[in-house]
2 protein chains.
Amino acid sequence: MTNEEIHQLAQRLRIDSIRAAAAASSGHPTSSMSAADLMAVLMARHLRYDYSNPENPNNDHLIFSKGHASPLVYAMFAAAGAITDEELLTFRQFGSRLEGHPTPILPWVDVATGSLGQGMPIAAGIALCARELDRLPYRVWTLCGDSEMAEGSIWEAVEHAGKEGLDNLVVVVDVNRLGQRGETMHGWNLQSYADRARASNWHAIEIDGHDIAAIDRAYSEAEATAGRPTMIVARTIKGYGASETADKEGKHGQPLKDPEKAIEELGNVGPVHVDVAKPESAGTPHRFDADPSVALPAYEVGGDPVPTRLAFGQGLAALMRRRGDVVGLDGEVGNSTHMEEVLKATPERYFEVYIAEQMMLSQAVGFQVRNWTPFAATFAAFLSRGYDFVRMAVISQAKLCLNGSHAGVSIGEDGPSQMALEDLAEMRALGGSVVLYPSDPNQTVKLVQAMADHDGISYIRSTRSGMPTIYGPDEEFRIGGARVVRESDDDQVTLIGAGVTLHEAIKAADTLAQEGINARVVDVYSVKPIDVETLTAASNATGGRLVVSEDHWPEGGLGDAVLSAFADADERPRVVKLGVDKLPGSGKGAELMHAVGIDADARRLVELGPQITTTAGATR
Amino acid sequence: MTNEEIHQLAQRLRIDSIRAAAAASSGHPTSSMSAADLMAVLMARHLRYDYSNPENPNNDHLIFSKGHASPLVYAMFAAAGAITDEELLTFRQFGSRLEGHPTPILPWVDVATGSLGQGMPIAAGIALCARELDRLPYRVWTLCGDSEMAEGSIWEAVEHAGKEGLDNLVVVVDVNRLGQRGETMHGWNLQSYADRARASNWHAIEIDGHDIAAIDRAYSEAEATAGRPTMIVARTIKGYGASETADKEGKHGQPLKDPEKAIEELGNVGPVHVDVAKPESAGTPHRFDADPSVALPAYEVGGDPVPTRLAFGQGLAALMRRRGDVVGLDGEVGNSTHMEEVLKATPERYFEVYIAEQMMLSQAVGFQVRNWTPFAATFAAFLSRGYDFVRMAVISQAKLCLNGSHAGVSIGEDGPSQMALEDLAEMRALGGSVVLYPSDPNQTVKLVQAMADHDGISYIRSTRSGMPTIYGPDEEFRIGGARVVRESDDDQVTLIGAGVTLHEAIKAADTLAQEGINARVVDVYSVKPIDVETLTAASNATGGRLVVSEDHWPEGGLGDAVLSAFADADERPRVVKLGVDKLPGSGKGAELMHAVGIDADARRLVELGPQITTTAGATR
């Protein structure tokens, strides 16, 4: 296509953005219009993508980090012939694939965007995947808005991609000066972006984002740049091409008042078809050697105490030797989470992402875009740093296996900043998530394998201190299961725990036994989904008396999960919820568990003894 | 003090760090030893702080962003005479104020640190507070580790402080090269940090962090630098001064094996007392004019629909005119959250923090350190970006008033990336938090006032679309309350909602009435704490049949809060929980609420009609 033809394409992309937003009576046409020239040149001359085969591993990737410019990316799909004009005009309608912000319901969209500052780090993850995992020459392009450059996650990714020298990554920054509410921090100061990129080993190019030839040169320069990623910082005008919107404040996220006039001003360009070039490479993704016969680690029942975090690391390392698709990501705490077991066993598939949890999660999301199975681990407390990234991964329908270690007050001396007390609630609240909290090393190993087979987001909580091994290595555990660990024909109460509190429940059962009360103990290692059947049976067998204890604030975690299991059941047990009832400090784990009321001697449990006896007496 | 005396002080700080960790058998002495010279020079010559009066508004602030270097800051407190040697050796013991990471249990500690990358942005917030709110000449010093410089939140703050030109902010980066697991991304490449700071309008100085004279010169240079903040990038050696630890890998977070030998190598320096200089200024903090008689906005019952987000903005603007201590922070979406009402009413106390939620929350935490009452607002979905900062604010025992707008599927066309569906769970899980979700503008206004009076973390969820005004402007609402909005003597079921679902519950009650079923409707506007008394009365009056509906994933939010209210009650109702039951897309709010099963025609509610009739018939 000639420069003039590309200009016509850009005008059509603007017109289609306006038309789509007009049909929807909402959307972000002005944010699309600023970037239309940038994207027109890309699709006409530089992108290598087979729209008829989005699964082609050699396809380039294009991530709209500024997801609100969805009218533009949909207009590009129309120009590429991937969607019809009719579908374009279903934008934002109920049931349409063309949602307000792009999601992978569309086969040409890798990840959901719309929470700013996420697409670009994910793009950096895909670029690293190309080099280290797929080992294919595809390129990753990403379009950022200038407003989102204020997100620290962008600069985490700039630092990482610069350090890695990812020359297959091109970031295009659409500096249209105007954010949602007013001018951005830096207005049209292109250098403010370029200088920071350069300080992180990037090649940066400042251009007029409406100059077709300049854009083309910049892309060529990016393609020719070896050893470092490129940031193209483009001065653009928001709402470019229409007098109603060009460089006007107060026009963010609004359809045009007079779309017809704007379309006229844009030259009334009709549909333009672009034959987007297909990938030149026909390579196949690299596959790592694996040996499904590698044995899983096994721990002796009653042997020395083993922390579940160690079993996580050892179980994952074994899994990775058995399966070549699994990769491990470390938030620079691998000697604590034991992700470093992966570094020892399969160093090619170990990724150190340093103290940058948002980047770690973005990289994991990027890897799974290309069908790798990522496990990412840090302290459970610090996974909260990337919660928005996990939230968006739900919308991306991503496969993510997450581990949070050092959960709860049981970690002891390090104090509350290192204690996750909200992670079960966080992870449980996510649509379709799996939340696991094992109490035993053999159980942990089995659950790690199950996570790799689960298509979605799964989370496993691990514990710092060693705990007794109570399950044999041949026992099976499944997502959605629970295990009765102690029972008799004469149980008067069910004690429910998971992780450290399971062992406290066992001790409490011993104590109650001395008082003549038999207690059933249930290990609810799968917090979500929860095993309603096992819980119901236990409740029925113990007079509807349950005590649930968790090393977590009382809200949103195991206790609430147990309550939910019985919410509208015909028989609803009395559930005594024990959780962390005050802000903990430092101390020994056992001291803290006692102080916050979740250990075997928990005040409420002790008080409960006589109550259970009385109630049991009354009902028996 | 002479340079030699300062060197002796530094050695003593190292010795005390080693002794404290040895007494605790845990802790981070090596991370303390690298920064001891930097802190010795600071306290001997540059810090202005009255340890006998930590509330002095003219005190400098010193934030240990690398909170794990707590032995060092505690050793400084000992050298300043603020704590005894005896207390120093209680480090990390149960009940000691000297926790594993610093918390404001100690009067000289402003905020809890230990989640890396948070102290420095908070320091930037305090520095802005000095200039814009307190209008006092105090200085803010912060000590960062090099590992934490990988956190994007650091660079959000670098960008903000550079843009604001905060010359009262000095960031000292202790580049000891070694992270927890191994070498950091940049090792001893000081320039990699300095260049990035310079690219954001900082003055940056690279020094040898063990050279007393160089450190002193750098601080003087920082003090003399006008119009921009200073970053001092110091090359240091982790575990400096002891052969067992100096520049050795694998020594992070561990007490020394041979503390006696190390103390010997450090010259066996005894206690050193430092007379830290008191502030020279005796100024009083600026106070803004306020007029407690300013009327609150009032909305007409049955008038045009009003979005609660608008009532939030208008209610907050009125509050700020009534109270001079309240400030407003905007994540560059003030035209959506209506934080821009504050900009119109009290522009001096409005802060635009751009699309940088971690910085917004850090700034808010910084402001409340100096006793201002911050309200921070963005889309509820994007508050999740700063969840770790709110988690840490709990440990800081901070006063934070948070607003999240655009909650739930009811926002409609923008699609799931913009819909908070986890926020109630997130905020409810935090220890001691308050979670509010009003359904009416007058109610919203009253709750905003209550938040400002609440000493802790409170969250109010607001809604995008207009809803009917059902409460008069004179009605009172309180944290912990609920309101029965419909009742009769013959109610057979209680419908519970909050926000948008309250109005659906009212509609559903109308529908049920047509089927001959009277329904009680309860507005649980305070999700946490929840009004157990009102819920119990409603349950008792309606045969223990509750239906609760929320615009949120089903876990961790309103439904679980209701279940928890009855967990171990003698009478436990049957609770039908309705929540978002599938990943939503785009569409009209009403279409989506119907599709995910939370509107008045919710499938389960319709199915429930006959069930209620039957059950009611059976029990009556």
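The values are calculated or read from the model by the stated rules, or taken from the named source; none is laboratory data. Every value quoted in this text rests on a predicted model; they were computed, and no experiment measured them. Cβ placement follows ideal geometry from the backbone for every residue including glycine, while neighbour counts extend to all protein chains displayed. Accessible surface areas use protein heavy atoms only, side chains included; no ligands, DNA or RNA. Shrake-Rupley method; radii C 1.70, N 1.55, O 1.52, S 1.80 Å.
Please determine, by comparing only the residues of the range B:188-224 that are of a type in the set (S, T, N, Q) and not in a loop (DSSP other than H, G, I, E, B), which one is farthest from A:GLU352 (Cα to Cα).
It comes out as B:SER220.
Only one of B:THR463, B:THR494, B:THR501 is over 25 Å from B:ALA377 (Cβ atoms) and hydroxyl-bearing (Ser, Thr, Tyr). Can you tell me which?
Going through B:THR463, B:THR494, B:THR501 in turn, just one is over 25 Å from B:ALA377 (Cβ atoms) and hydroxyl-bearing (Ser, Thr, Tyr): B:THR494.
Counting only residues that are within 8 Å of chain A (Cβ to nearest Cβ) and touching a strand residue (DSSP E or B) at 6+ places or on another chain (Cβ under 9 Å), which one in the range B:413-423 is nearest to A:GLU555 (Cα to Cα)?
B:LEU421
Quick check on my filter: what residues within the range A:129-149 are facing chain B (nearest Cβ under 8 Å) and out of contact with any helix residue (DSSP H, G or I) (no Cβ under 7 Å at 6 or more places or on another chain)?
A:SER147
Given the condition within 11 Å of chain B (Cβ to nearest Cβ), touching an Asp or Glu at 6+ places or on another chain (Cβ under 8 Å), part of a loop (DSSP other than H, G, I, E, B) and among the hydrophobic types (A, V, I, L, M, F, W, C), answer yes or no: does some residue in the range A:174-187 qualify?
So far as the range A:174-187 goes, yes, one or more of its residues are within 11 Å of chain B (Cβ to nearest Cβ), touching an Asp or Glu at 6+ places or on another chain (Cβ under 8 Å), part of a loop (DSSP other than H, G, I, E, B) and among the hydrophobic types (A, V, I, L, M, F, W, C).
For the range B:348-357, indicate whether the set of residues that are assigned to a helix (DSSP H, G or I), among the acidic types (Asp, Glu) and closer than 30 Å to A:ALA380 by Cβ is non-empty.
Scanning the range B:348-357 turns up at least one residue that is assigned to a helix (DSSP H, G or I), among the acidic types (Asp, Glu) and closer than 30 Å to A:ALA380 by Cβ.
Quick one: B:GLU487 ticks every box in (1) buried (at least 24 other Cβ atoms within 10 Å of the Cβ); (2) without any contact (Cβ under 8 Å) to a residue 60 or more places away in the chain except a single one, so which number is it?
Looking at each condition in turn, B:GLU487 falls short on (1).
Of all residues being assigned to a loop (DSSP other than H, G, I, E, B) and facing chain B (nearest Cβ under 9 Å) in the range A:587-597, which is least open to solvent (accessible area, probe 1.4 Å)? Just the residue, please.
Within the range A:587-597, the match that is least open to solvent (accessible area, probe 1.4 Å) is A:GLY587.
Please determine whether any residue of the range B:315-324 is open to solvent by less than 10 Å² (accessible area, probe 1.4 Å), in contact with a Leu (Cβ under 7 Å, 6 or more places away or on another chain) and closer than 25 Å to A:MET149 by Cα.
Looking for residues that are open to solvent by less than 10 Å² (accessible area, probe 1.4 Å), in contact with a Leu (Cβ under 7 Å, 6 or more places away or on another chain) and closer than 25 Å to A:MET149 by Cα, one finds none in the range B:315-324, hence no.
Among the residues of the range A:205-217, is there at least one that is surrounded by 21 or more Cβ atoms within 10 Å (Cβ to Cβ) and within 30 Å of the chain's Cα centre (by Cα)?
no
Would you confirm, using the coordinates I've provided, whether A:GLY114 is in a loop (DSSP other than H, G, I, E, B), more than 9 Å from chain B (Cβ to nearest Cβ) and of a type in the set (Gly, Ala, Ser)?
Answer is no for this residue.
Are there any pairs with C-beta distances below 6 angstrom linking a residue in the range A:80-104 that is more than 7 Å from every other protein chain (Cβ to nearest Cβ) to a residue that is among the hydroxyl-bearing types (Ser, Thr, Tyr) and not in a loop (DSSP other than H, G, I, E, B), with the two at least 6 apart or on different chains, and if so which?
What qualifies is A:LEU88/A:TYR74; A:LEU98/A:TYR74; A:PRO102/A:SER70.
Does B:ARG48 meet the test of being charged (D, E, K, R) and part of a helix (DSSP H, G or I)?
no
Enumerate the pairs (first residue in the range B:215-227 and among the polar types (S, T, N, Q); second residue anywhere and surrounded by 14 or more Cβ atoms within 10 Å (Cβ to Cβ) and not in a helix (DSSP H, G or I)) with beta-carbon separation below 8 Å, excluding pairs fewer than 6 apart on the same chain, so at least 6 apart or on different chains.
Between residues of the range B:215-227 that are among the polar types (S, T, N, Q) and residues that are surrounded by 14 or more Cβ atoms within 10 Å (Cβ to Cβ) and not in a helix (DSSP H, G or I), the close pairs are B:THR225/B:ASP167; B:THR225/B:HIS203.
Filtering the range B:342-362 down to residues that are more than 19 Å from B:ASP134 (Cβ to Cβ) and surrounded by fewer than 24 Cβ atoms within 10 Å (Cβ to Cβ), which residue is farthest from the other protein chains (Cβ to nearest Cβ)?
Applying the filter and picking the extreme gives B:ALA345.
Would you please list the contacts, defined by Cβ atoms under 6 Å and residues six or more apart or on different chains, that run from a residue in the range B:510-532 that is free of Cβ contacts under 8 Å to residues at least 12 places away in the same chain to a residue that is among the charged types (D, E, K, R) and open to solvent by 20 Å² or more (accessible area, probe 1.4 Å)?
none
Select from the range B:133-158 the residues that are closer than 24 Å to A:GLY331 by Cα and among the charged types (D, E, K, R) and list them in ascending order.
B:ASP146, B:GLU148, B:GLU151, B:GLU156
Hey, B:ILE105 hits all of (1) surrounded by fewer than 21 Cβ atoms within 10 Å (Cβ to Cβ); (2) farther than 22 Å from B:LEU166 by Cα; (3) over 19 Å from the mean Cα position of the chain (by Cα) but one; which does it fall short on?
Single failed check for B:ILE105: (3).
Yes or no, residue by residue, for (1) modelled with pLDDT of 95 or more; (2) open to solvent by less than 10 Å² (accessible area, probe 1.4 Å); (3) at the interface with chain A (Cβ under 10 Å from one of its Cβ atoms); (4) in a loop (DSSP other than H, G, I, E, B):
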position	(1), (2), (3), (4)
B:ARG520	yes, no, no, no
B:GLU533	yes, no, no, no
B:ALA537	yes, no, no, no
B:GLU555	yes, no, yes, yes
B:ASP560	yes, yes, yes, no
B:GLY585	yes, no, yes, yes
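Can you tell me which condition B:VAL158 does not meet? The list is (1) aliphatic (A, V, I, L, M); (2) closer than 30 Å to A:LEU592 by Cβ; (3) in contact (Cβ under 8 Å) with a residue 12 or more places away in the chain, and all the others hold.
The single condition B:VAL158 does not satisfy is (2).
Can you spot a residue in the range A:281-300 that is among the aromatic types (Phe, Trp, Tyr) and more than 18 Å from A:ILE460 (Cβ to Cβ)?
yes
Which is under 26 Å from A:GLY152 (Cβ atoms), away from chain A (no Cβ under 11 Å) and either part of a loop (DSSP other than H, G, I, E, B) or touching a Ser or Thr at 6+ places or on another chain (Cβ under 9 Å) (or both), of B:GLY481, B:GLY404?
Residue meeting the stated conditions: B:GLY404.
Do the conditions hold for A:ARG131, that is, is it out of contact with any strand residue (DSSP E or B) (no Cβ under 7 Å at 6 or more places or on another chain), open to solvent by 20 Å² or more (accessible area, probe 1.4 Å), part of a helix (DSSP H, G or I) and charged (D, E, K, R)?
yes
Suppose we filter the range A:441-478 for residues that are in contact with a helix residue (DSSP H, G or I) (Cβ under 7 Å, 6 or more places away or on another chain), more than 12 Å from chain B (Cβ to nearest Cβ) and either over 21 Å from A:ASP388 (Cα atoms) or in a loop (DSSP other than H, G, I, E, B) (or both); how many remain?
The number of residues fulfilling the criteria is 19.
Consider A:ALA69 carefully, then state whether it is within 14 Å of chain B (Cβ to nearest Cβ) and either modelled with pLDDT under 95 or buried (at least 24 other Cβ atoms within 10 Å of the Cβ) (or both).
yes
Give me a count of the residues in the range A:363-394 that are farther than 24 Å from A:THR444 by Cβ, open to solvent by 10 Å² or more (accessible area, probe 1.4 Å) and at the interface with chain B (Cβ under 9 Å from one of its Cβ atoms).
1
How many residues are more than 7 Å from chain B (Cβ to nearest Cβ), outside any strand (DSSP E or B) and either closer than 14 Å to B:ALA565 by Cα or open to solvent by 30 Å² or more (accessible area, probe 1.4 Å) (or both) when one looks only at the range A:570-580?
3
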